[in-house]
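Contents: one structure, followed by commentary.
The values are calculated or read from the model by the stated rules, or taken from the named source; none is laboratory data. As the structure is a prediction and not an experimental result, all values here were calculated from the model. Counting neighbours? That spans all protein chains shown, and the Cβs are built from the backbone with ideal geometry, glycine included. Protein only, heavy atoms only, side chains kept; ligands, DNA and RNA dropped before computing areas. Shrake-Rupley method; radii C 1.70, N 1.55, O 1.52, S 1.80 Å.
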Amino acid sequence: MARGGGLLAAFERWEQQTMQQQGLIRKATGGFYYVQTPQEELECRARGLFRKEKISPCVGDRVTVEPTEPGKGYVVDIAPRKNVLVRPPLANLDQLFLVTSVADPSPNLLVLDKMIAIALHKEIQPILVVTKCDLGAPDTLNRIYQLAGIPVYNVNNQTGEGAQALIPLFAGKISAFSGNTGVGKSSLLNVLSPSLQIKTGETSQKLGRGRHTTRHVELFQLFDGYVADTPGFSAVELERYEVILKDQLQYCFPEFAPYLGECRFTGCSHTCEKGCTVLQALAEGKIAPSRHESYCTMYETAKQIKEWEL
């Protein structure tokens with residue numbers, strides 16, 4: 001009887017080990033996918049059916065895996081994605097921290113506005129982090145982006161004041177950072193997680209890849225969430241691979257929302273037309289001039305894009 005019970009227990013353990021598990025692709029490189037499940041991390045290959053369906057698993061995907069032996073398995077299914085970026089290849093990104101500085105270097109508002117628009121177009125929450133507040137007042141940036149409905153956080157690079165307010169935002173989320181060289185991303189990440197030990201002007205060995213290393217994406221756990229390995233998503237890459245058509249652009253500026261559909265003319269571009277309620281809101285100070293300038297610049301570019309060319 002005891003022997004039979006032992007066999008049954010062994011069979012149940014084997015069955016449990018071979019059952020499908022749910023997990024998150026944390027890293028992808030060389031055709032292998034490293035999937036974090038509640039029990040363990042598995043090194044997986046993808047089933048051939050994905051190639052037939054022209055679908056490639058990518059970092060951030062929530063997947064079903066079948067273990068085949070200890071520490072190894074196959075990705076057999078990919079859950080529906082809420083978004084996916086082409087480059088860097090990353091799925092289900094929840095939030096993008098846009099890091100800019102008050103000064104040294106001065107903020108580039110057009111680049112910021114392009115990144116915000118792309119994030120919103122992809123259903124990613126943009127969060128603006130204003131650094132180097134020890135060099136000047138962040139009031140102007142705060143006013144512009146709070147008026148646009150974008151969350152804004154101010155950080156003093158010398159004291160770290162304000163950085164702790166970011167920590168609760170990571171829980172349960174997949175996040176990434178973007179920002180030009182010199183805006184204080186490294187200092188910010190060091191304040192948030194001293195174990196990263198990033199030297200100023202360099203890329204973290206744990207959280208970033210540098211210019212000459214393999215361009216794979218990896219997620220690291222941080223404050224009960226995950227952060228993409230790059231502290232510098234490229235604005236150029238996002239612009240190149242993530243296209244917003246001119247008719248969709250208006251929805252990527254949240255401060256326009258109350259006025260859309262109220263203009264005198266159907267199909268109003270919100271750039272110069274009479275009877276445009278967006279322009280009226282701009283004149284009344286409800287929309288920041290720099291934001292509308294960015295919109296007009298982006299609209300002119302988007303006009304050159306033909307949908308059939310995509």
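Some notes on this structure:
- Selection count where residues are under 23 Å from Arg87 (Cβ atoms), surrounded by 13 or more Cβ atoms within 10 Å (Cβ to Cβ) and more than 24 Å from the chain's Cα centre (by Cα), scope the range 46-61: 2
- If you go through the range 161-181 and keep only what is free of Cβ contacts under 8 Å to residues at least 60 places away in the same chain and open to solvent by less than 10 Å² (accessible area, probe 1.4 Å), you end up with Ala163, Phe170.
- Considering only residues in the range 103-112 that are part of a helix (DSSP H, G or I) and within 28 Å of Gln158 (Cβ to Cβ), the one that is least open to solvent (accessible area, probe 1.4 Å) turns out to be Leu112.
- Selection of first residues in the range 101-116 that are closer than 18 Å to Cys133 by Cβ and of second residues that are in a loop (DSSP other than H, G, I, E, B) and among the basic types (Lys, Arg), restricted to Cβ pairs under 9 Å at least 6 apart or on distinct chains, gives the following pairs, ordered by first then second residue: Ser101/Lys132; Val102/Lys132; Ala103/Lys132; Asp104/Lys132.
- Meets criteria (within 29 Å of the chain's Cα centre (by Cα), modelled with pLDDT of 90 or more and basic (Lys, Arg)) for Lys27: yes
- In the range 182-195, the residues that are touching a residue at least 12 places away in the same chain (Cβ under 8 Å) and either closer than 18 Å to Thr100 by Cβ or open to solvent by 20 Å² or more (accessible area, probe 1.4 Å) (or both): Gly182, Val183, Gly184, Lys185, Ser186, Ser187, Leu188, Leu189, Val191, Leu192
- Of the helices (runs of 4 or more DSSP H) lying entirely inside the range 244-310, those containing at least 2 residues that are of a type in the set (S, T, N, Q) span 277-283, 289-302.
- Exclusive hit being within 24 Å of Asp224 (Cβ to Cβ), at pLDDT 90 or above and out of contact with any Cys (no Cβ under 8 Å at 6 or more places or on another chain), set Lys114, Lys173: Lys173
- Answer from Leu166, Leu196, Leu222, Leu147 - the residue that is at pLDDT below 75 and not basic (Lys, Arg): Leu196
- Of all the residues in the range 121-155, those that are part of a strand (DSSP E or B) and within 19 Å of Gly184 (Cβ to Cβ) number 9.
- Residue list for the range 75-94, restricted to those being aliphatic (A, V, I, L, M), surrounded by fewer than 19 Cβ atoms within 10 Å (Cβ to Cβ) and closer than 22 Å to Met19 by Cβ: Val76, Ala79
- Some residue of the range 67-74 being open to solvent by 10 Å² or more (accessible area, probe 1.4 Å), closer than 22 Å to Pro254 by Cβ and touching a residue at least 40 places away in the same chain (Cβ under 8 Å): no
- Unmet criterion (only one of (1) surrounded by fewer than 19 Cβ atoms within 10 Å (Cβ to Cβ); (2) at pLDDT 85 or above) for Leu128: (1)
- Selection count, the range 47-87, where residues are assigned to a loop (DSSP other than H, G, I, E, B) and touching a helix residue (DSSP H, G or I) at 6+ places or on another chain (Cβ under 7 Å): 4
- Checklist (1) touching a Ser or Thr at 6+ places or on another chain (Cβ under 6 Å); (2) under 22 Å from Ile118 (Cα atoms); (3) of a type in the set (Gly, Ala, Ser) applied to Gly184, failing item: (2)
- Enumeration of residues in the range 27-45 that are of a type outside the set (Val, Ile, Thr) and either surrounded by 14 or more Cβ atoms within 10 Å (Cβ to Cβ) or in a strand (DSSP E or B) (or both): Lys27, Ala28, Phe32, Tyr33, Tyr34, Gln36, Glu41, Leu42, Glu43, Cys44, Arg45
- The residues on offer are Cys268, Cys263, Cys276, Cys272, and the sole one that is of a type in the set (A, V, I, L, M, F, W, C) and loosely packed, with under 13 Cβ neighbours inside 10 Å is Cys272.
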